[in-house]
Amino acid sequence: MRTRHDLRAFVLALPVPPPRRAILLVELEDHVFEAMAELEARGLSPAESERAAVAALGSPELLHVRLLAS
């Protein structure tokens, strides 16, 4: 995953009930937006901060396991 769009597609494909999927999506997007703001304040471009914030969530495989366990 490289962008928020990729993250959104990933979450929407999770095998969880739609209400849970919506909650996960909001939580992850909030986390990414907060991280992006911090990274942009440090001088990264919006595109660089988006990639870094999404990458900080970890690999799709690891994120999948963590989200299903929560």
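The values are calculated or read from the model by the stated rules, or taken from the named source; none is laboratory data. Computed from a prediction, not measured in an experiment: that's the story for all the values here. Cβ coordinates were reconstructed from backbone atoms using ideal geometry, including for glycine residues, and neighbour counts include every protein chain displayed. With ligands, DNA and RNA removed, areas are computed over all heavy atoms of the protein, side chains included. Shrake-Rupley method; radii C 1.70, N 1.55, O 1.52, S 1.80 Å.
Assorted remarks:
- Helices (runs of 4 or more DSSP H) contained entirely in the chain, each with at least 3 residues that are touching a residue at least 40 places away in the same chain (Cβ under 8 Å): 4-12, 46-55, 60-69
- Scanning segment 1-28 for residues that are within 15 Å of L57 (Cα to Cα) and either open to solvent by less than 50 Å² (accessible area, probe 1.4 Å) or of a type in the set (V, I, T) (or both) returns T3, L7, F10, V11, L24, L25, V26, L28.
- For segment 29-43, filtering for residues that are within 13 Å of L57 (Cβ to Cβ) and surrounded by 12 or more Cβ atoms within 10 Å (Cβ to Cβ) leaves 6.
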